[in-house]
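Below: one structure, written as structure tokens.
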Amino acid sequence: METPKRIALVTCASNFERHGNIIRAMHRRISDIGGYALYVLTNYGAYEDGMDFSHGEPAIYHLLDEMELDGCILEANLGSNELTERIVHTMRRRSIPVLTINLEVEDVPYLHLETGNAGSELIDHLIHAHQCSRLNLVLNSGNSVVSASILKSYQTVLARNGIPYDERRIYTCPVSLQQGRDLYDCFERRGVMKDAQAVLCVHDVCAIGLTLELQSRGIRVPEDIRICSMNSSGNSIAFRPDITGLDRMDRTAAELACELMDQMIRGETIPQENTYSGEVRYRASCGCTTPSSASIEHREFYQRLILNKVEAGNQIGRMMQLNDSLEDVDSLSQFASNIDRMMRGLQCASYFCCLNSTDLPFIENRCGDSKTRQSPPYDEEMTILSGYSDRTGPLTDITFPLKEVIPVAPRDGDLFLFLPIHHISRDYGYMVILNNHLAVDNFNYRICQESIGSNIENLHRQMILKSSIEELDRLHMQDPLTGLCNRFALHRFSEDYTSSPEGYCVAMLDLDGLKKINDNFGHPAGNNAICLSADTIRETMEEGDLIIRYGGDEFLILSHCLDSGIWDKHTESLNRKLTAIVQRHRLPYTLGISLGYAISDSRQPLSFDDALSLADRSMYENKKARKAMRED
């Protein structure tokens, strides 16, 4: 049987619905054409130009250097022109045909959504049907082709109608549901929010985020202001009010991309620019009456949505139970067994968990740490920690060359999804999910991936602690999730601080909104939030401070620092760093810490219990003040 040609789809999943549509449509089309297998390399964040891609989630794209590819398709959701250029350079160096979707790179053919006519129609509609002469425009940094087309249509229609062009009304941002407040605040600072009659966003996720922010401020959509998008998707249908936008026809785009790539692989010349067009779907957000036919569309969509949520809830419930078993391990073999239980529990029976071979002795504390910032993200030899497919049966502790990328030979019509496995700044490997076991609609695999990375780190910590009597003593005093000290350490070392003749300080810290994170994204995501906060506290505090994980999301610090000004700066620094982490990793939730402290010195000596009580009270006062500021 002839080996199928390999096509890579390189994308990110910041918009899960669109991401899934493109993958499914592309897979169907290459299966119809025949003779191809599809490799999907994906991360879960939108990355800005200038960021360091050597570590972290984009490291998954380094696999492109090893894959024996026949073609590569880059999708606009990558979110960074710099990242796109790097991938194109990798492909050109190896003479692999490249096609981009809504990304314009020099001398690379691209498939372009023709937004000009439909965009002009929508802007004209806002101006003439609703007398909107003050229109704000939100562009997206990672979707340069569509943004440029919409900006040109915007300028042309305004000029045709005699409306002055005002640069203050144009804002460019990454795609994020969390962007709503930033969008509002940016336009407010520029003085163009209060008088705005409509806001047009390139992406419906930004339009939804802005609408939520407006609604939280008591501003009605569309009665007070009209919100539109140039992307009409299931998000637009499910949200209330329905977001008017351009039908992007993602399935059609994916099918056309496959056909163009097939021509390029066969040596045919294709045009530099290939276009497909969409039409405006008017909905309630711009004040239009939804057509009666849309009610059927709504009912069908909601029915699917409810069923998906029921299944997602069932999977998250199973995952929470399985994640506990991942944390409670003392060897790699037990960890591998629990990964298999987790994937089977998620009804994913064809997967491969591939780790760097040199990371295995590191995880088990059998050698030093050979990985540095200059090390490549993946080893030349990878090891299957745990895996299963109907072609291979169960796999464990099997080593294979990285250049093979996966431990099975591809077949015609195969679909492989690659997910990075990493924790903080360390890349451990990648997960591969095969064919029909790919639930692209459900981001539970994202939580699963986070669990594997963080629990590998937990296992490594446990192995270190068990390596000697001293380490066993540390195990008695160390919190396994965060690596911080626990209450046993507090009892053991507290007197070193409280007996100091100069005095001491007790600080209490509490993570804001953990219950909301657990409820909305599951306990693995909550664990990740606790770990990120713990690492930030460890990084911010002074050397010699005793940092304790006091409860689920509570931390206690004993310190010799008696300067209240420094503690106030610590509060500000912690929250600034956590905000930066949320933005850098494009987390779907916010992170913040409330801090209170009490100082015992010669002027006001306090017992430890009294200082703890005062610090706890101060922390809750700080939490109330921070909540009031957010509500304002």
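The values are calculated or read from the model by the stated rules, or taken from the named source; none is laboratory data. As the structure is a computational prediction, the values presented were derived from the model and not from experiment. Every residue, glycine among them, receives a Cβ derived from its backbone with ideal geometry; neighbour counts consider all protein chains shown. When the accessible area is computed, the model is the full protein with side chains, heavy atoms only, and any ligands, DNA or RNA have been set aside. Shrake-Rupley method; radii C 1.70, N 1.55, O 1.52, S 1.80 Å.
Computed over protein heavy atoms with a 1.4 Å probe, the carbon and sulfur contribution to the accessible area of segment 80-214 reaches 47%.
Rounded to whole numbers, the Karplus 3J(HN,Hα) couplings from phi for segment 101-108 are 10, 6, 10, 9, 10, 4, 6, 10 Hz, using 6.51 cos²θ - 1.76 cosθ + 1.60 with θ = phi - 60°, and x at Gly and Pro. A crude spin-label estimate for the pair Lys624 and Ser133, with each label 7 Å from Cα along the Cβ direction, gives 5.0 nm. For segment 492-632, the square roots a ≥ b ≥ c of the C-alpha gyration tensor eigenvalues yield an a/c of 1.5 or more together with a/b exceeding b/c, which makes the shape prolate. Among 621-628, 570-577, 161-168, sorting by the average number of other beta carbon atoms lying within 10 angstrom of each residue, highest first, gives 570-577, 621-628, 161-168. Multiply the residue gap between Arg584 and Ser216 by 0.36 nm, knock off their C-alpha separation, and tell me the result in nm, one decimal place. Contour length minus the Cα-Cα distance gives 130.0 nm. Applied to segment 162-167, the Karplus parametrisation 6.51 cos²θ - 1.76 cosθ + 1.60 on θ = phi - 60° returns per-residue 3J(HN,Hα) values of x, 9, x, 8, 10, 4 Hz, with x for Gly and Pro. Over all directions, the projected convex hull of the C-alpha atoms in segment 341-437 averages 6.8 nm² in area. Under 5 Å from the amide H of His422 lie the amide H atoms of Tyr428, Gly453, each residue being 5 or more positions distant or on a separate chain, with H modelled from the backbone and absent for Pro and chain starts. Accessible area per residue for segment 139-213 is 39 Å², calculated with a 1.4 Å probe on protein heavy atoms, without ligands, DNA or RNA.
Each peptide in 408-419, 273-284, 253-264 was scored by the mean count of other Cβ atoms within 10 Å over its residues; highest first, the order is 253-264, 408-419, 273-284.
Computed over protein heavy atoms with a 1.4 Å probe, the carbon and sulfur contribution to the accessible area of segment 569-632 reaches 51%. Across all directions, the average projected area of the convex hull around the alpha carbons of segment 61-177 is 8.7 nm². The share of alpha-carbon pairs in segment 188-264 lying farther apart than 17 Å comes to 52%.
The amide H of Ser277, built 1.01 Å from its N in the peptide plane, has Glu114 as neighbours under 5 Å, considering only residues 5 or more places off or on other chains. The simple spin-label model puts a point 7 Å past each Cα toward its Cβ; for Asp224 and Asp65 those points are separated by 5.3 nm.
Relative to its Kirkwood radius, the Cα radius of gyration of segment 80-144 gives an Rg/Rh of 1.19. Across segment 530-628, the relative contact order, built from alpha-carbon pairs under 8 Å that are at least six residues apart, equals 21 percent. Sequentially through segment 479-485, phi angles give Karplus couplings (6.51, -1.76, 1.60; θ = phi - 60°) of 6, x, 6, 9, x, 7, 6 Hz, Gly and Pro residues having no value and appearing as x.
Surface analysis of segment 367-436 yields an accessible area of 44 Å² per residue, using protein heavy atoms and a 1.4 Å probe. Looking at segment 548-595, the pairs of alpha carbons with a distance over 12 Å make up 69% of the total.
Full extension of the chain segment joining Gln334 with Asp496 gains 54.4 nm, where the gain is 0.36 nm per residue of separation less the Cα-Cα distance. Pairwise Cα distances in segment 590-632 exceed 13 Å for 58 percent of all pairs. Amide H contacts of Gln478: Asn486, each under 5 Å away and 5 or more positions distant or on a separate chain (H built 1.01 Å from N in the peptide plane; Pro and chain starts excluded).
Extension gain for Thr392 to Asp369 (0.36 nm times residue separation, less C-alpha to C-alpha distance): 5.0 nm. Of the peptides 360-369, 508-517, 150-159, the ranking by mean beta-carbon count within 10 Å, highest at the top, reads 508-517, 150-159, 360-369. Using only Cα coordinates, the Kirkwood hydrodynamic radius of segment 96-239 works out to 15.7 Å.
Between the alpha-carbon centres of segment 334-396 and segment 207-266 there is a gap of 38 Å.
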